[in-house]
1. I want to verify the translational diffusion coefficient of the protein assembly as shown in µm²/s; compute it with Stokes-Einstein, Rh as the Kirkwood radius over Cα pairs, at 25 °C and 0.890 mPa s.
2. Place the label 7 angstrom along Cα→C-beta at residue B:95 and in each other copy, then list the distances from the first to the rest in nm, shortest first.
3. Considering every residue in B:113-125, what mean count of other chain Cβ atoms within 10 Å of its Cβ is obtained?
4. Rounded to the nearest 10 degrees, what's the angle between the helix A:2-23 long axis and the longest principal axis of chain A, both from Cα atoms, 0 to 90?
5. Rg and Dmax of region B:219-296 over Cα atoms: what are they, in angstrom?
6. Quick one: dipole size for chain A, taken about the Cα centre, charges +1 on Lys/Arg Cβ and -1 on Asp/Glu Cβ, in debye to the nearest 20.
7. Chains B and A: how much accessible area gets covered up at their contact, both sides added, probe 1.4 Å, in Å² to the nearest hundred?
8. May I ask for the distance between the Cα centers of region A:163-237 and region A:57-88, given as a whole number of Å?
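The values are calculated or read from the model by the stated rules, or taken from the named source; none is laboratory data. Note that the structure is predicted; figures quoted are calculated from it, not measured. Backbone-built Cβ (ideal geometry, glycine too); neighbour counts: all protein chains shown. We work out accessible area using only protein heavy atoms, side chains counted, and drop any ligands, DNA or RNA first. Shrake-Rupley method; radii C 1.70, N 1.55, O 1.52, S 1.80 Å.
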Number of protein chains: 2
Amino acid sequence: MKNISRIQNRINSELEKLTVLMGNQPPAELYEPIAYTLSLGGKRIRPLLVIMAAEMFGGDMEEAIYPAIGIEVFHNFTLVHDDLMDNSPLRRNQPTVHRKWNKNIAILSADAMMVKAYELVCKTGSSHLREVLAVFNSTALQVCEGQQLDMNYETSLQVSIDQYIRMINLKTAVLLAGSLKIGALLAGANPEDAKCLYAFGENMGIAFQLQDDILDVYGEKEKFGKEPGRDIVANKKTYLLLKAIELAQAEVSEELTKWIAASQFDEQKKVKAIIEIYDSLCIRQLAEQEMMKYYRQGLGSLEKISIGPEKKQDLIAFVQTLMHRVY
Amino acid sequence: MKNISRIQNRINSELEKLTVLMGNQPPAELYEPIAYTLSLGGKRIRPLLVIMAAEMFGGDMEEAIYPAIGIEVFHNFTLVHDDLMDNSPLRRNQPTVHRKWNKNIAILSADAMMVKAYELVCKTGSSHLREVLAVFNSTALQVCEGQQLDMNYETSLQVSIDQYIRMINLKTAVLLAGSLKIGALLAGANPEDAKCLYAFGENMGIAFQLQDDILDVYGEKEKFGKEPGRDIVANKKTYLLLKAIELAQAEVSEELTKWIAASQFDEQKKVKAIIEIYDSLCIRQLAEQEMMKYYRQGLGSLEKISIGPEKKQDLIAFVQTLMHRVY
């Protein structure tokens, strides 16, 4: 993965420069939270995908670096507003912007972050500016739609698996797909290849989210980095819970409904009981099958791209590291 | 003003189309608040300025209409977030988005509105796309800075007139200036002329805001459309209050401080007392002088533009109608 480290180093150094710049810009109340958010790190997968896609089609990292950083800034903008809307206290184990400062600062500094994202995406060569912006605009709008659906489903009792997949596609997969497509366009890939790469990103994005859903329940704490069962405790509508609701019958269904409705409960007992229900319904296997379906569909889309297979190796290897946490 | 009506009709019909489109787009929780906000109307000065500026330099309304609408959508995005941050119950005599729906919907639907604004601004001919986006990006960022300064100054006891003018410039004037500059660029105006038109817009924007400050205290309710004295009751840091704080001495200063600090008071008495202080310090005259200074500076910038004076007549006439409410 020497190639990936080289790109990651370039991304990290550019993000550090931006963080310093933001940290010194007045008014501090507006720009410091931006510097803070960018300094929290994260895997920075999206800019990496932009540049990997560009290089895959023979493009130059230096021509893709600013749009790539722009997409990372956009992603961070969504995290600040999402954390505020979800009232989350922590992000990457640090206080969220609305907790460290206040709600108004979380609203406004993230707004400024979105404009900054556009400023960076606009640093695209003139021959690709319009098409890159078109992908960025439509992706950004879909991310908002996904977050809205996620909030809608929180209070809705009946969410189908199809609705759930559509929601996670909008909320997380399309930005990965859009990153790849933008990278391809920057390198002058033909529209058909760019479309296939987008489909690859969408499918992989869904597979990653399904993996997250599975890991929350069946992941080992050491590898996953989080206490397992958090989704269960919070009644979070994951693929696993929705599938269980769909399949459970008679007393199993009653038991499931009882746990979901319970306002006071022993957390460990609830996690144990729900996992027993999942196991009795083979939910883990079904979720893994679903995840693998999207994973394979993604690889199928990648195969269709009209470049030599050796050029696709880095991307496949990278996706495998992301999927490798369990499989 | 036949010319202006023609442009206004075009703007209104395009905004109506967009409103219908947004009103029918799923998810409704995201897009309906956008339709609602756009349907509340307003003077729609910014898109008018874009098109007037374009036509002034021989440009075509049809080439400017979408960026013009984009700027109006951006302005409406700022109103939704500003109203939320200020916790305002009403906008144009109707419930604000966060009151009619909720805070999360106000955050997210306005985010989507900002993306929509960019989508519309991107409907710019390729030869001007980059420069139009550069103006739009920097203006959008300045508007965020202005709102941040406005929030900072609310809780700060010492705000200088210079700081105040800079704040209103960022918060309101630069978007008027940016609208004019974008119109000029769309019509292929030379950079020097575009710069002068921007300066015209900045100066006029500051003059308008100073006029608003004056009208809140000295306007006739019938003409102004609002109950006068609202700024006084709320201790809003207007040019008038800041100038009075600057000039007041000894017992007048004490009296002023007392009213500002009072948490319980008779509103009418406070308004009357503050106006007496203003009158004793000739605050109205000073504010009018300041306003006229910016108004004249604006006209001076317009004069420098290298086109025939007859082409500037519509813009001058329009600005006069905006200033005509009292003068």
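1. It comes out at roughly 90 µm²/s.
2. 3.4
3. 4
4. Here the helix axis deviates by roughly 80 degrees.
5. 13.0, 42
6. For chain A, the charge dipole is close to 480 debye.
7. By this definition, chains B and A bury close to 3400 Å².
8. 15 Å
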